[in-house]
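A quick write-up on the structure given underneath.
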Amino acid sequence: MAGYALSKLEFKGRAVVFSLMLAFMMIPEQATLVPRYIMIKELGLYDSHAALILMGMFSSYFAFLLRQFMASIHNDLLEAAELDGAGFFRIFWSVMVPLSRPILATVGIIKFIWTWNDYQGPLIMLNTTELYTIPLGMQFFQEEFGTRISVMMMASVAAIIPLLVLFLTLQKQVIEGIAIGGVKG
Amino acid sequence: MKKTSLLLTCLLLILSITACGSNSGGNDNKSATNAPAANEKKEQPAGKEKIKFYTFKASKPEEPIYQAVQAYNESQDKVEVEYVSLVQNSDSTDFMKKLDILIGSGEVVDVFMTGNEEELLERASRGVVEPLNSFFEQENVKPEDEYNKVVKLDSNIYGLLTSSTQWFTVFNRDHLEKAGLELPEMGWTWDDFREYAKKLTMDGHYGTYFHTWGEYANIIAYTERPNPQLDANLNPIFDDPSFKYFFELRRVMEQEDKSAEPYADVLASNYHVLQQFFAGNASMLAVPSYAVRAGLNLEKFPHDFQMVYAPVPRSVDSNDIGMTNISGAGVAIGAKSEHKQAAYDFIRWVTKEASKYSKDIPSYKGADGEALIKEFFKDNTDLIDTESLANTLFDPRNKMPDSFSVPYGSELKTIVENGMSSYMLDNRSFDEVKAMMTEEVKKVVDANK
C-alpha cells in the first residue's frame, strides 16, 4: 500500500517521505538493534514469534521496489476505474493488486527466503528453545568439542527443501518479477 | 470522509498490534519510562533476594554449572539464584552478543559468566562491571591469598576465575613407549620438544600438532611474558628473540622434520584443537588443561590410550623453570545490580564449590588440587594418568609471569595469528612479517589510547 501511495497518489511532502525512506534504507540492521530490542521489550513481546513477525512486516526496501513497479503501471487504467465509480480502496484492490502479481510474488519469495535464513533477529529476540528457528537450531550441532558436521549438512539440506518447493511453485512469476524489478539475490 | 476512514483504519491497526502484544499480564507500557527497565521491580517473596545469573552453558539438568546453582539455592535460603541461559550451544561469542544487547538496553544483570578473561576485561573497560575491591576489604580477605589469578584492570579487580586452566604437554602413552622415550621432566626446552616430535613421528602419524590459534604462533609469549604481544609501555614485543625462534621452529618442524601437520592442511580441515591428538595422528600436544576433561568424552573423541602429562617446555635461553600460563572462565557482577552483596557471596561460593560439579580445577588456593584430581578421575585411570597429572599441575615450582591484560587483547591476538598464517603460507621472511605485525599492533594500541 505504501508503494501505491508513493507512486500514484499526489500529496504534499511525497518527495520528502520518499527520500526519507531511501535514507533509512541505508542504515544497517545492527545499528538499530538495541532500540528495537528496547521497543520489543516495552511492548511485552520479548521471547515470542510475534516480535519477529512484527519486525518483518515492514520493510522500506520492498516498499521502494513496489513503488517502482507501480509507477510503471499506466494511469489510464486507474482513471478508467475511477470513471466507473470505484473508490480509493476499490481501485487498489481490484485494479492495482492483480496487475502487480509478478512483483508481489517476487517480494513474497525474497522476503520468505530472507526471513527463513535470518540468524541475528531470532538470536536476539528469542530465548526459549521451543521457539527457535532453523538457523538457530542448527547451532545446536556445534558442540563444545567440535561440530557434528554430518548432521549439520543434513539439517541444511532439510532447511532448503521448503525454499525449493516455494520457488518451483512460483517460479514463473518470479522470473517475470526479477526481470521487471531488476532485483538480484 | 475518505480521509477520516483512512485515519481510523490506521489507528485501528496500530492499537490492535499493541493490544495483542501486551499478553504478559497487563504490562503497563504507558508509565513514563525514560529510565531503563531497571525500574521493573520483581515481586520479592518475603525475605529471599533474587539474583539473575547469566551464562552461556545450556539449561539442562546434566549441565554441571546448572547443578551447582541448584545446590547453592538449596544450601541456603537467603538468596535465590535464577539460572538464565542465553544460548543453548555453549557458544560464548553469541552469548556475549546477547548479553551486550541486554546490558545496552538497560537490563539489570546481577552475575554473569564469560568464556575467558579478555571478554570480561572488554566489558570492564566499558564500565558495566562492578569492581570487587570493596567487597574483599569488607570480608578482610586479600584476593591474592585466595586465588592464583584474578581479572584485573589497573588496580581494580573486576572478576574471579571459576576454573584454573593451565598449559601443559600431553602425551599418548602408547606412542611414547613405542618410541622408547621417557616422560620429559620440568625444565625441558623447546629444542627438546623438537627432538621428541622427530622421534615420535612414525607409523603414519605426526609427532605433534599445532593449532591455528594465536597462542600457537608463539607459546613462549604466553607462558613466559607478562603480556603476549605488548610490553609495560604498550609497545609491541616482536623484537623479543622468542618470536623469531618460535616462528622458525614451526617452519622447520613442518618443512624439514615433517613432525607436525602442515599448517595449510590444519586450516583447511577445520579441526578441533584436540581432534588429531585423540585420533592418534599426533603423539604429543602442548595444550591447556581442559584436554583432561575432554579426554573423558569418548563419544566425541573415541580413543583407548592413556594420557600422560608433562609440563610445557621452557624457552632455551630462559633460566626460570616452571613457567606456564594459567587462565580460566570468568565470573563477575554487573555494575547496575541491586543485590551486589548477594551476588558477591554467590560468586565466591561458585569459585570454591562449583568445581565439584564441573570437574575443573578451581582457581581457589584453598582447594586441595591433588585430592580433587584423584576424586574426579578415580574411575578413569585407564584414560588419565592421575599421578603425572597431579605432578604437572601442582608442582610447587609452577609459576606464572606477573601478567597484565588489555581490553583489546583479542584484536592483538588476531594480528599475530594472521602474521603466522602469512609466514607459513606465503613463505615470507620473519622480518617482513614482524614489520607487518608491529605496524598493525601499534595502530590498535593508538586507537585505544
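The values are calculated or read from the model by the stated rules, or taken from the named source; none is laboratory data. Remember, it's a predicted structure, so these values are computed and weren't measured experimentally. Methodologically, a virtual Cβ is constructed for each residue, glycine included, from the backbone with ideal geometry; neighbour enumeration extends over all protein chains shown. Just the protein is used for accessible areas: all its heavy atoms, side chains included, with ligands, DNA and RNA removed. Shrake-Rupley method; radii C 1.70, N 1.55, O 1.52, S 1.80 Å.
Please report, ordered by residue number, the strands (runs of 3 or more DSSP E) entirely within the stretch B:266-337 with at least 1 residues that are open to solvent by less than 30 Å² (accessible area, probe 1.4 Å), touching a Ser or Thr at 6+ places or on another chain (Cβ under 9 Å) and within 28 Å of B:F56 (Cα to Cα). Working first, answer last.
Working: elements: B:282-288, B:307-310, B:330-333.
In the stretch B:266-337, B:282-288, B:330-333 are the strands (runs of 3 or more DSSP E) which contain 1 or more residues that are open to solvent by less than 30 Å² (accessible area, probe 1.4 Å), touching a Ser or Thr at 6+ places or on another chain (Cβ under 9 Å) and within 28 Å of B:F56 (Cα to Cα).
Every condition in (1) assigned to a helix (DSSP H, G or I); (2) surrounded by fewer than 20 Cβ atoms within 10 Å (Cβ to Cβ); (3) more than 14 Å from chain A (Cβ to nearest Cβ) is met by B:E80 except one, and the failing one is (1).
For B:K57, the criteria (1) under 18 Å from the mean Cα position of the chain (by Cα); (2) in a loop (DSSP other than H, G, I, E, B); (3) within 26 Å of A:M39 (Cβ to Cβ) hold in every case but one, which is (3). Would you say B:F346 is out of contact with any His (no Cβ under 8 Å at 6 or more places or on another chain), buried (at least 17 other Cβ atoms within 10 Å of the Cβ), farther than 21 Å from B:E119 by Cα and in contact (Cβ under 8 Å) with a residue 12 or more places away in the chain? When the stated conditions are applied, B:F346 does not pass them.
Can you tell me which residues in the stretch B:110-169 are aliphatic (A, V, I, L, M), over 14 Å from the mean Cα position of the chain (by Cα) and over 29 Å from B:L372 (Cα atoms)? Even if it seems obvious, please write down each step before you answer.
Initially, the stretch B:110-169 is screened for residues aliphatic (A, V, I, L, M), giving B:111, B:113, B:120-121, B:124, B:128-129, B:132, B:141, B:150-151, B:153, B:157, B:160-161.
Checking the rest, the ones that are also over 14 Å from the mean Cα position of the chain (by Cα) come to B:111, B:124, B:128-129, B:132, B:141, B:153, B:157.
Answer for the stretch B:110-169, where residues must be aliphatic (A, V, I, L, M), over 14 Å from the mean Cα position of the chain (by Cα) and over 29 Å from B:L372 (Cα atoms): B:A124, B:V128, B:V129, B:L153.
Condition check ((1) part of a loop (DSSP other than H, G, I, E, B); (2) away from chain A (no Cβ under 13 Å); (3) more than 12 Å from B:A335 (Cβ to Cβ)) across all residues:
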| position | (1), (2), (3) |
| --- | --- |
| B:K98 | no, no, yes |
| B:L120 | no, yes, yes |
| B:G127 | yes, yes, no |
| B:S134 | no, yes, yes |
| B:Q138 | no, yes, yes |
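Do we have any residue at all in the stretch B:160-173 that's over 15 Å from B:G334 (Cα atoms), of a type in the set (D, E, K, R) and surrounded by fewer than 23 Cβ atoms within 10 Å (Cβ to Cβ)?
Step one: list which residues in the stretch B:160-173 are over 15 Å from B:G334 (Cα atoms), which gives B:161-173.
Add one more test, that the residue is of a type in the set (D, E, K, R), and what stays is B:173.
Still in the list and also surrounded by fewer than 23 Cβ atoms within 10 Å (Cβ to Cβ): B:173.
The answer is yes, given that some residue of the stretch B:160-173 is over 15 Å from B:G334 (Cα atoms), of a type in the set (D, E, K, R) and surrounded by fewer than 23 Cβ atoms within 10 Å (Cβ to Cβ).
Can you give me the number of residues within the stretch B:213-251 that are aliphatic (A, V, I, L, M) and open to solvent by 30 Å² or more (accessible area, probe 1.4 Å)? Before the answer, list the steps.
Restricting attention to the stretch B:213-251, the residues satisfying the condition of being aliphatic (A, V, I, L, M) are B:217, B:219-221, B:230, B:232, B:234, B:237, B:249.
Now narrow it down to the ones that are open to solvent by 30 Å² or more (accessible area, probe 1.4 Å): B:232, B:234.
So the answer is 2.
Is at least one residue of the stretch B:172-184 free of Cβ contacts under 8 Å to residues at least 40 places away in the same chain and within 25 Å of B:G328 (Cα to Cα)? No, because not a single residue in the stretch B:172-184 is free of Cβ contacts under 8 Å to residues at least 40 places away in the same chain and within 25 Å of B:G328 (Cα to Cα). All of A:I160, A:I110, A:I175 fail the test of being more than 16 Å from the chain's Cα centre (by Cα), away from chain B (no Cβ under 14 Å) and closer than 25 Å to A:A2 by Cα, apart from A:I175. Here are some conditions: (1) closer than 23 Å to A:Y37 by Cβ; (2) part of a helix (DSSP H, G or I). A:F140 meets all but one. Which one does it not meet? So the condition that A:F140 fails would be (1). Within the stretch A:71-81, is there a residue that is surrounded by fewer than 18 Cβ atoms within 10 Å (Cβ to Cβ), among the β-branched types (V, I, T) and at pLDDT 85 or above? Checked against the condition, which is being surrounded by fewer than 18 Cβ atoms within 10 Å (Cβ to Cβ), among the β-branched types (V, I, T) and at pLDDT 85 or above, the stretch A:71-81 yields no hits at all. Take the residues in the stretch B:29-68 that are touching an Asp or Glu at 6+ places or on another chain (Cβ under 9 Å) and at the interface with another protein chain (Cβ under 10 Å from one of its Cβ atoms), then tell me which one is modelled with the highest pLDDT. The extreme case among them is B:K57. Of the residues screened, A:E10 is one that is exposed (fewer than 14 other Cβ atoms within 10 Å of the Cβ), out of contact with any Phe, Trp or Tyr (no Cβ under 7 Å at 6 or more places or on another chain) and outside any helix (DSSP H, G or I).
Condition test on A:G3, is it open to solvent by less than 60 Å² (accessible area, probe 1.4 Å) and at pLDDT below 85? Before the answer, list the steps.
Values: open to solvent by less than 60 Å² (accessible area, probe 1.4 Å): yes; at pLDDT below 85: yes.
Judged against the criteria, A:G3 is a match.
Restricting the search to the stretch B:188-218, which residues are assigned to a helix (DSSP H, G or I) and among the acidic types (D, E)? Answer for the stretch B:188-218, where residues must be assigned to a helix (DSSP H, G or I) and among the acidic types (D, E): B:D191, B:D192, B:E195, B:E215. Among residues of the stretch B:191-206 that are farther than 14 Å from B:R250 by Cα, those with a Cβ under 8 angstrom from a residue that is among the basic types (K, R) and open to solvent by 70 Å² or more (accessible area, probe 1.4 Å), sequence gap 6+ or separate chain, pair up as B:T201/B:K258; B:M202/B:K178; B:D203/B:K178.
Just one of the listed residues (B:E177, B:E185) is within 28 Å of B:R293 (Cα to Cα), outside any helix (DSSP H, G or I) and among the charged types (D, E, K, R), namely B:E185. With respect to the conditions (1) open to solvent by 30 Å² or more (accessible area, probe 1.4 Å); (2) among the aromatic types (F, W, Y); (3) under 18 Å from the mean Cα position of the chain (by Cα), B:Y196 falls short on a single one, namely (3).
Exactly one residue out of B:K352, B:K378 is under 20 Å from B:F171 (Cα atoms) and without any contact (Cβ under 8 Å) to a residue 60 or more places away in the chain: that is B:K378. The single condition from (1) more than 10 Å from chain B (Cβ to nearest Cβ); (2) aliphatic (A, V, I, L, M); (3) free of Cβ contacts under 8 Å to residues at least 60 places away in the same chain; (4) surrounded by 14 or more Cβ atoms within 10 Å (Cβ to Cβ) that A:V16 fails is (4). For A:A105, state whether it is among the small types (G, A, S), open to solvent by less than 30 Å² (accessible area, probe 1.4 Å) and assigned to a helix (DSSP H, G or I). Yes.
In the stretch B:244-252, the condition of being touching a helix residue (DSSP H, G or I) at 6+ places or on another chain (Cβ under 9 Å) and part of a loop (DSSP other than H, G, I, E, B) is met by no residue.
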